[in-house]
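Engineer: Dropping a structure here in structure tokens format, bear with me for questions.
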Amino acid sequence: MTKSIQAIRGMHDVLPDQSALWQFVERRIAAVLGGYGYREIRMPILEMTELFKRSIGEVTDIVEKEMYSFDDRNGDSLTLRPEGTAGCVRAAMEHGLLHNQIQRLWYQGPMFRHERPQKGRYRQFHQIGVETFGLSGPDIDAELILVTARIWKAIGIDGLELQLNTLGTTEERAAYRGELVGYFEAHADLLDDDSRRRLHSNPLRILDSKNAAMREMLDAAPTLTDHLGDESRAHFEFVCQALDDVGVPFTINPRLVRGLDYYSRTVFEWVTDRLGAQGTVCAGGRYDGLVPQLGGKPTPAVGFAMGLERLVAVIQEGDPRAGECAADLYLVLLGDAARREGLVLAEQVRDALPGLELVCNCGGGGVKAQFKRADRSGARFALVLGDTEIQEDRIVLKPLRSDDDQVSVRRDTLVDNLKERFAH
């Protein structure tokens, strides 16, 4: 017997009983972003590999170990996008969206990284990302964080912790980097293999290590705060004060780094302890250095991305039945005449009540079998149409989620009857 083909490890299907929750989350987030004036942009899943090497950096785990890259028939190296920011910047540059303009953009879709699959981490995962261009002040940094806080309200998530930090300017970070490298070299015997590899290429990432054996040494490392100038301090203080003014609590985490040279000033993460090791559900920051790094003119930019799998998982941790899809009506059809007439009736109800979900029984079956299907659909009511109802021009309305009695109503009053029942 031929072995059946399974999904690729780390790439999962979103089944119908799960997709309703995904759609709910996506709709609510899109509505929040639209309310702040952000517009959707859609980029291709495939990009030139060079885009990610130049943006993320060649000496990173993503580029060295995790990207799905291949040569196409023309010999070009292509990559399934591991994140969305680089593609958004590329698209904005290519189509002239950055020249003397302010842009508030968002996107959604699948990303790909060859990581070890675990709860909250997949090789194909989905993100919603937001990017702004042309705004250098701290007010847009604060607005983006406020956008995320409003998203949590819109999708019903609470208990997330906001962590905040500043990385200063490129010059301030360069001075700090030199001191940090000196400190790590003095403690080289305590560094793990990954940290030694990053020591001279990306030393800030060492601060973000999850190696418990290095924690005491990392806690005693120099902090970037001591190297900040007045302008960077003022920028960060504005963001913190704006969050205080609106009532969004946060924690300053001096070890929060994004670890890439193009990041500057504000960085933030929303974290939870409900997903095990994969606790970050949303992360972002200012990246004024990325556009020139990709060949464009210096352009202030700030953004964030959130993982949909993790958001859905957090919602379901609080409510395991969240997003369960249920029909409003199930049309039970008894007899050949009812099967023909039922299709007409179903379309009439859908025309009159477009907001209701009506499932029409197809495939025949007896009374018992059809009512089992009606119950599995989650419908509140069954509409029952048989030979007797056709002759009398009536239809039976039977409650499925209460002990109320069924009623027989005239066909010409059915729509008004349903409007009254579903108005509450």
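Every residue, every condition in (1) surrounded by 12 or more Cβ atoms within 10 Å (Cβ to Cβ); (2) in the same structural domain as Gly37 (by TED's automatic domain parsing), yes or no:
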{"site": "Val181", "(1), (2)": "yes, no"}
{"site": "Ala186", "(1), (2)": "no, no"}
{"site": "Leu191", "(1), (2)": "yes, no"}
{"site": "Arg198", "(1), (2)": "yes, no"}
{"site": "Ala212", "(1), (2)": "no, no"}
{"site": "Ala220", "(1), (2)": "no, no"}
{"site": "Glu237", "(1), (2)": "yes, yes"}
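Engineer: Counting only residues that are more than 29 Å from the chain's Cα centre (by Cα) and modelled with pLDDT of 90 or more, give me the strands (runs of 3 or more DSSP E) lying completely in segment 293-389 with at least 1 of them. Can you show your working first?
Structural biologist: On the way: elements: 301-307, 329-333, 358-360, 381-385.
Per the criteria, 329-333, 358-360, 381-385.
Engineer: Kindly provide the set of residues from segment 344-368 that are over 16 Å from Lys398 (Cα atoms) and surrounded by fewer than 14 Cβ atoms within 10 Å (Cβ to Cβ), ordered by number.
Structural biologist: Val344, Glu347, Gln348, Asp351, Ala352, Pro354, Gly355, Cys362, Gly363, Gly364, Gly366 - these are the residues of segment 344-368 that are over 16 Å from Lys398 (Cα atoms) and surrounded by fewer than 14 Cβ atoms within 10 Å (Cβ to Cβ).
Engineer: Pick from segment 115-135 the residues that are among the small types (Gly, Ala, Ser) and crowded, with 19+ Cβ neighbours inside 10 Å: which of them is modelled with the highest pLDDT?
Structural biologist: At the first step, the residues of segment 115-135 found to be among the small types (Gly, Ala, Ser) are 120, 129, 134.
Right, trim to crowded, with 19+ Cβ neighbours inside 10 Å and you get 120, 129.
On the way: Gly120: 71, Gly129: 97.
Among them, the one singled out is Gly129.
Engineer: Could you please find all residues in segment 185-204 being in a helix (DSSP H, G or I) and in contact with a helix residue (DSSP H, G or I) (Cβ under 6 Å, 6 or more places away or on another chain)?
Structural biologist: Step one: filter segment 185-204 for residues in a helix (DSSP H, G or I), giving 185-186, 188-190, 193-198, 203-204.
Listed by number, the residues that qualify are Leu190, Ser195, Arg198, Pro203.
Engineer: Mind counting the residues in segment 277-292 that are in contact with a Lys or Arg (Cβ under 9 Å, 6 or more places away or on another chain), outside any strand (DSSP E or B) and at pLDDT 90 or above?
Structural biologist: The total comes to 3.
Engineer: Determine, yes or no, whether Leu78 is of a type in the set (A, V, I, L, M, F, W, C) and farther than 30 Å from Ala234 by Cα. Quick ask: steps written out before the conclusion?
Structural biologist: Working: of a type in the set (A, V, I, L, M, F, W, C): yes; farther than 30 Å from Ala234 by Cα: yes.
So Leu78 passes the test.
Engineer: Can you tell which of Val63, Val130, Val89 is outside any helix (DSSP H, G or I) and under 27 Å from Met11 (Cβ atoms)?
Structural biologist: Working: Val63 fails: outside any helix (DSSP H, G or I); Val89 fails: outside any helix (DSSP H, G or I).
Exactly one residue qualifies, and that residue is Val130.
Engineer: Quickly run through segment 134-166 and pick out the residues that are farther than 20 Å from Ala234 by Cα, of a type in the set (A, V, I, L, M) and either in a helix (DSSP H, G or I) or not assigned by TED's automatic domain parsing to the domain that holds Arg258 (or both).
Structural biologist: Val147, Ala149, Ile151, Ala154, Ile155
Engineer: Next question, about the same structure. For the subset of segment 186-218 comprising residues that are closer than 21 Å to Gly276 by Cα and of a type in the set (S, T, N, Q), which member is nearest to the chain's Cα centre (by Cα)?
Structural biologist: Ser209
Yes or no, residue by residue, for (1) in a loop (DSSP other than H, G, I, E, B); (2) more than 28 Å from Tyr122 (Cβ to Cβ); (3) of a type in the set (Val, Ile, Thr):
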{"site": "Asp226", "(1), (2), (3)": "no, yes, no"}
{"site": "His235", "(1), (2), (3)": "no, yes, no"}
{"site": "Val239", "(1), (2), (3)": "no, yes, yes"}
{"site": "Ala242", "(1), (2), (3)": "no, yes, no"}
{"site": "Asp245", "(1), (2), (3)": "no, yes, no"}
{"site": "Val257", "(1), (2), (3)": "yes, no, yes"}
{"site": "Tyr262", "(1), (2), (3)": "yes, no, no"}
{"site": "Trp270", "(1), (2), (3)": "no, no, no"}
{"site": "Leu275", "(1), (2), (3)": "yes, no, no"}
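Engineer: Oh, and also: Look through segment 9-18, keep the residues that are surrounded by 10 or more Cβ atoms within 10 Å (Cβ to Cβ) and not polar (S, T, N, Q), and return whichever of them is farthest from Glu115 (Cα to Cα).
Structural biologist: Taking segment 9-18 as the starting set, the residues that turn out to be surrounded by 10 or more Cβ atoms within 10 Å (Cβ to Cβ) are 9-12, 14, 17-18.
Of the ones still in play, those that are also not polar (S, T, N, Q) are 9-12, 14, 17.
Details: Arg9: 10, Gly10: 8, Met11: 11, His12: 14, Val14: 20, Asp17: 27 Å.
Within segment 9-18, the match that is farthest from Glu115 (Cα to Cα) is Asp17.
Engineer: Under the condition of being surrounded by 16 or more Cβ atoms within 10 Å (Cβ to Cβ) and free of Cβ contacts under 8 Å to residues at least 40 places away in the same chain, which residue from segment 81-102 is farthest from the chain's Cα centre (by Cα)?
Structural biologist: Taking segment 81-102 as the starting set, the residues that turn out to be surrounded by 16 or more Cβ atoms within 10 Å (Cβ to Cβ) are 81-93, 97-98.
Applying the additional criterion that residues be free of Cβ contacts under 8 Å to residues at least 40 places away in the same chain yields 81-82, 97.
Working: Arg81: 15, Pro82: 14, Leu97: 24 Å.
The residue in question is Leu97.
The values are calculated or read from the model by the stated rules, or taken from the named source; none is laboratory data. Treat the numbers as computed from the prediction; the structure is a model and nothing was measured. Please note: Cβ atoms are built from the backbone with ideal geometry, for glycine as well, and neighbour counts cover all protein chains shown.
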